[in-house]
Amino acid sequence: SGAFVSYIGYWPLSVNNIIGSVGMPITVYPNPSNNKISITIPGNEPGNLIIINSIGQVVNEQKTNQQKQYTSINITEWVNGLYLIKWQGADGSVLTAKFVKQ
């Protein structure tokens, strides 16, 4: 029939923020955005920040350190859609958030 069905089996996409063991959510703004997003990670521990598109591809990955808990990312060239942001601390704590690229 030419129909295409896509299933997203990653459960955090159904909620805005998931608070991990750190206790505070990731802040993403503006959301939705079309050119740049700013991400604030609570706390002051090192970790790894990963952004995943709606089909599970990693589109951005970077390390965070104790001094820098704020980052700005240019998303102008990204495809419009839903993205998942995942931050994992060195102690294993995980925070996630989602944003929409228009």
Within the accessible area of region 29-102 (1.4 Å probe), percent carbon and sulfur: 48 percent
Rounded to the nearest 0.05, what FRET efficiency is calculated for Gln88 and Asn44 with R0 set to 25 Å and r the Cβ-Cβ distance? 0.95
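When the chain is fully extended, how far beyond the present Cα-Cα distance does Tyr29 get from Asn74, taking 0.36 nm per residue of separation? It would help to have the intermediate numbers written out before the result.
On the way: separation 45, 0.36 × 45 = 16.20 nm, distance 1.23 nm.
Extending this stretch completely gives an extra 15.0 nm.
The values are calculated or read from the model by the stated rules, or taken from the named source; none is laboratory data. All values derive from a computational prediction rather than experimental measurement. Ideal geometry is used to build each Cβ from the backbone, glycine not excepted, and the neighbour counts take in all protein chains shown. All accessible areas refer to the heavy atoms of the entire protein, side chains included, with ligands and DNA or RNA removed. Shrake-Rupley method; radii C 1.70, N 1.55, O 1.52, S 1.80 Å.
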